[in-house]
Structures are given as structure tokens and as C-alpha cells.
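The values are calculated or read from the model by the stated rules, or taken from the named source; none is laboratory data. What you see is a predicted model, and the numbers here were worked out from it, not measured in a lab. Ideal geometry is used to build each Cβ from the backbone, glycine not excepted, and the neighbour counts take in all protein chains shown.
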Amino acid sequence: MIMRLALPRAKLHASLVALAIVTSTFAQQGINNLWMGGYGNGYPPPWGAVDMDFFSGGLVVSTPTRTIGFGRTSANIANANGDLLFSTNGAFVANAMGDTMLNGTGLNPSTYTSYYPEGLHISQACLILQKPDAPGIYYLFHGTLDNIPQSTALYLYMTTIDMSLDGGLGGVVTKNQVLITDALNTGRITAVRHANGRDWWVVCHKVNTNIFYRLLVTPNGVVNGVLVDGTQSIGIVRPPDNGQACFSSDGSKYAYYWGQDDLEVFDFDRCTGLFSNPVHIQIDDANSMGGVAFSPNSRYLYVSSLLDAYQYDTEATDIAASMVHIAEWDSTYSPFPPLATLFDIAQLAPDGKIYIGTGNSTDKLHVIHRPDSAGRACDTEPHGIALPLLFSNSLPNHPNYHLGPVDGSVCDSLGITNGVGEFAAPTVVGVYPNPSDGEFALSYSSQPNAGLLEVFDLAGHLVLRERLPAWSTLHNMQLRKGQAGMYHCRLQWGARSTTVRVILQP
């Protein structure tokens, strides 16, 4: 893994060699590459802002100065070049400068929100989607804790952002529009691309029931293109809870985890927006929070359960019996007690790895290096990512923005060709840095299937072969130092391939 302070964005982009220019509407390489966390201005070290940027090569960590800080609630979105557009912590919306966006104050009006003006402490309480067929217009779906005694939300809101305002820094044009008025589980706002490759399904859960709400985001609808498409009763009854929910990368599965009622796994139909085949799994431990994330190939499901972490094979006949205990808390505090490096909220990253927060304001993250591999071969590294400042457990709530249509389905009717199994391979690959001393990164457009990377010297000898995870957009490389010269890197997905040259300095 490459860890270094980030260069200024303009200089960083100037250093990229032949960065991929992708014509597909859905191959928006940079849109989810920036992870923002930590604390805003006013907190002295060891507190402060921390950015994790996957765009240019490796994991680039920086400590910017900005007004916005993040608790557990964190969402942001960038453009295709990886440049930040805006972010939110559930209390307000910030522009690319980290300051309050035009009309961006006053999100989620409630007593609870007033307690946390620096950012909410709710998992997945905000989610950002671009309005279909409307470049520059973004929807923010959000909620808060409205009924404090009952620990429930009473509303699902939508706020609309127009990036053409305020000289390109954007502005909020409508705020706190009520989409749902009902008692809801706080947070757990998740989304997946519709099978037509353009629209979106947004999902949340009604408290003390087994009812899911589904919203359909289209160019036209009841409220600015958003339609509450109905409800579905399926699975277990869920009381007010804490935890995490997520869709698999290909959108075919959905998981909902809370430590006390444990894990549920569903199949999902991206055409109808309906769940099926619920599997409820009791886990023999005790906690009140935690996280969940799917592997890039959508097969393996990872549960972070405060003191433990587990892997499940969702393709197994008996998913519960497939459990492998992959990690446990080793009594590490970071940097000192009581800041234990526990296992909490999780997120799949653009480099094909899964990162897991610690549940505390530590300066560490856990990482699963090979999540597509079965059992302990997934290579879980507890507290393996060292950060320069305390992070506050704020991993972003990013859906798979790269997902296209389900090719050949009854809903594949819009003529969008880049769907699951039919992505075009990138014609050009970015390399950073180039030349290098042997450590560099390749950047490319997202692909729905795993790929193959092969590196050849000028004599045509194969010097390295590695797997490229599905849905990743970058891959870290390390060739032996001292082997100076020019090398050819070939990236291949099925019958589609592309090559790029890399120069190694002595």
C-alpha cells in the first residue's frame, strides 16, 4: 500500500500519464474515490480532518483544513476526475472548499441534530445520488433521530443541490423535503441502480416491523423525480437498532446487520425493487453496533461485530454454516486507552479492499486485502492502516455508482450498453507516478468482473501476474527496485484488454 501526503490536486492530475477518458455514462471513475473523515476546524491535534483519496494511485492520505467535520454520518461525491463536489455530515452541506454550501445549513431539523452541529452520529444517515439525466443536479437523501425516547426517525427527507450556483461551488435549492412520514429505523439509507441502468432504488426500514420502504429515483416523479414506490413486508421484525446495511456490488443481494438481531441476507430484483429469499443468521456474540460489506465479486459477505469479524459465503447452500471467524480484537488501543481498535462500520473501496472503522476515534483502520478469497485467505489486517490524526469512525456511505443495466432483462429498455457483463474495457490506463522506483498505481474504469494484470519486460518475459478485483478503479503495483527499464502492463477482462508502458528508474 502506498501511503503519502497528497499533492495539490492540480499538480497530481498533471502527473497522471494518459488518464483514462471513459465515454460511458456509468464509468465515472472518480465519483466515489474520495473518503472524507475526522474533525473540522477548532479541534487541535491529535484531532483534525483526514482525507483518504484513491483516485491517483494507492491510498493517498492528507490532513486538509476545513470547516466541516464528520461523526459517524458521512457522505460526499466527486466528479469523474476525482474532484470533490460537496459533502455532508447530516447537519449541513459543505462545498468543495470545506465551507458551508450556499443555503446548506439546517439539515434534518430536530433536537438531536441540534446536539451535534458538528455532525450526526448515525450510520448511513445520508446518501447522495445524481438526478438521472440531469448533469449538475444532485439529490441528498437524509434523516436524523427525531424521537429521542424511542430512538427512531420520523421522516425521510430529500435535499436538492444545483452545482451551477455560487460560481460552480453549488447551492441548495430545496431542503428537507419530506418523502416519508413514518416511524423509521435511523440511518441505513441505501441505494442500488435500477435494472434499466439509469434510475435508482433507495431503501429504508420501518421500525418495529418487517417493512421496507422503496423509493424509485427517475428523471420524472412525484417529488422532483422521486416516487415512493411502495413497501414490502419481508424478513424479521426490527426494533430501533444500530448497525449497517448494504447492497452487493452487482446489486443482486442485500444485507442488514445489527449485533442484537444479527444478520439478514436477501436476494434483490433490480427490475422490480423487491426482496426475496430472506436468510436470518444468529451470531453467537453480543454487541450493539457493527458493520457489513460485500466483496467485489458479490459472493462473500463480511460482518464486523465490534470484538470479532466474520466472513459468510452467500453462494453456500447453508450461509450460516459457511461462517469463518477471520479476526478478533487483540486488545490494541490506538493511540491509548480507552480508544480500542474494535470492528465497526465497513466499506468496500475503489482499490477492491474493504476498510473497517474501529468504533472509536482512533488513528487506525482495519483492512481486508483480498475480500474475494475464501476464509482466512481474504487476508484481514487488524489496525493495518495508520492515519495521521484521529478519524472518528466516519467511512462514507457510497453505493456502487458504476453499476449499469442488467443486460437482457425485461427492464433493459433504454439502450444503455454498459451493463453487467458488457462493460467496455478502458482504452487508456493512468499510471502514477511514471517514471517510478518500482512502486506505482494503475487507474482504470470500473469493470463488473475480475480482470487479469500481466507485466512484461521489453524482451517479452512475464515478470508479474496479478488479479484485478471486480468494480475496482485502481491497482497498486510493486516491482523489484533496481530492475530499471521499460515495462508493458496488460490489463484484461475477458476478450477485452488494454496496455500501458511504465518506466522504472535505477
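Of note:
- Set side by side, the residues GLY167, GLY90 differ, and just one is in contact with a helix residue (DSSP H, G or I) (Cβ under 9 Å, 6 or more places away or on another chain), on the phi > 0 side of the Ramachandran plot and outside the structural domain of GLY230 (by TED's automatic domain parsing), which is GLY90.
- The set of residues in region 62-105 that are in contact with a Phe, Trp or Tyr (Cβ under 7 Å, 6 or more places away or on another chain) and over 25 Å from LEU474 (Cβ atoms) comprises GLY69, GLY71, ASN89, ALA91, VAL93, ALA94, ASN95, THR100, MET101, GLY104, THR105.
- Filter pass, ASP229 being modelled with pLDDT under 95 and either buried (at least 21 other Cβ atoms within 10 Å of the Cβ) or over 20 Å from TRP200 (Cα atoms) (or both): no
- Total residues in region 179-229, condition touching a residue at least 24 places away in the same chain (Cβ under 8 Å), touching a strand residue (DSSP E or B) at 6+ places or on another chain (Cβ under 9 Å), of a type in the set (Gly, Ala, Ser) and within 25 Å of VAL410 (Cα to Cα): 3
- Some residue of region 174-189 being among the acidic types (Asp, Glu) and not in a loop (DSSP other than H, G, I, E, B): yes
- Which listed residue is modelled with pLDDT under 85 and at positive phi, from GLY430, GLY421: GLY421
- Test: residue in region 253-263 that is aromatic (Phe, Trp, Tyr), buried (at least 17 other Cβ atoms within 10 Å of the Cβ), closer than 25 Å to ARG72 by Cα and touching a helix residue (DSSP H, G or I) at 6+ places or on another chain (Cβ under 9 Å): no
- Restricting region 170-203 to residues that are of a type in the set (Ser, Thr, Tyr) and surrounded by fewer than 23 Cβ atoms within 10 Å (Cβ to Cβ), the residue that is farthest from THR113 (Cα to Cα): THR190
- Between THR317, THR341, the distinction of being hydroxyl-bearing (Ser, Thr, Tyr) and over 30 Å from PRO278 (Cβ atoms) belongs to THR341 only.
- Flag for SER233 being part of a strand (DSSP E or B) and within 21 Å of HIS194 (Cα to Cα): yes
- Residue match in region 441-452 (condition: more than 25 Å from the chain's Cα centre (by Cα) and either modelled with pLDDT of 85 or more or not in a strand (DSSP E or B) (or both)): no
- Extreme residue, nearest to TRP258 (Cα to Cα), among residues of region 172-228 that are among the charged types (D, E, K, R) and in contact with a Pro (Cβ under 7 Å, 6 or more places away or on another chain): ASP199
- The one condition in (1) modelled with pLDDT under 95; (2) at positive phi that ASN220 fails to fulfil: (2)
- From the options ARG188, ARG198, ARG238, residue that is under 20 Å from the mean Cα position of the chain (by Cα) and over 18 Å from HIS142 (Cβ atoms): ARG198
- Residues in region 379-411 that are surrounded by fewer than 23 Cβ atoms within 10 Å (Cβ to Cβ), under 18 Å from the mean Cα position of the chain (by Cα) and hydrophobic (A, V, I, L, M, F, W, C): ILE385 only.
- Residues of region 450-506 classified as touching a Ser or Thr at 6+ places or on another chain (Cβ under 6 Å) and of a type in the set (A, V, I, L, M, F, W, C), total: 3
- Among the residues of region 471-496, those identified as closer than 23 Å to SER298 by Cα and part of a strand (DSSP E or B) are LEU474, HIS475, ASN476, LEU491, GLN492, TRP493, ARG496.
- Single residue of HIS325, HIS369, HIS383, HIS398 found to be in contact (Cβ under 8 Å) with a residue 12 or more places away in the chain, in contact with a helix residue (DSSP H, G or I) (Cβ under 8 Å, 6 or more places away or on another chain) and not β-branched (Val, Ile, Thr): HIS369
- Close contacts from region 129-147, counting a first residue that is farther than 30 Å from ASN208 by Cα and a second that is part of a loop (DSSP other than H, G, I, E, B) and aliphatic (A, V, I, L, M), with Cβ to Cβ under 6 Å and a gap of 6+ residues or different chains, come to GLY136/MET163.
- Of the residues making up region 286-317, those that are in a loop (DSSP other than H, G, I, E, B) and within 20 Å of ASN360 (Cβ to Cβ) are ALA286, ASN287, SER288, MET289, GLY290, LEU307.
- Hits in region 334-359 (condition: among the small types (Gly, Ala, Ser) and under 15 Å from MET289 (Cβ atoms)): ALA340, ALA346, GLY357, GLY359
- Scanning region 160-173 for residues that are of a type in the set (Ser, Thr, Tyr) and part of a strand (DSSP E or B) gives a single hit, THR160.
- Scan of region 148-168 for residues that are free of Cβ contacts under 8 Å to residues at least 60 places away in the same chain and polar (S, T, N, Q), ordered by number: SER164
- Residue that is surrounded by the most Cβ atoms within 10 Å (Cβ to Cβ) [pool: residues in region 146-169 that are under 23 Å from THR100 (Cα atoms) and out of contact with any Leu (no Cβ under 8 Å at 6 or more places or on another chain)]: ASP162
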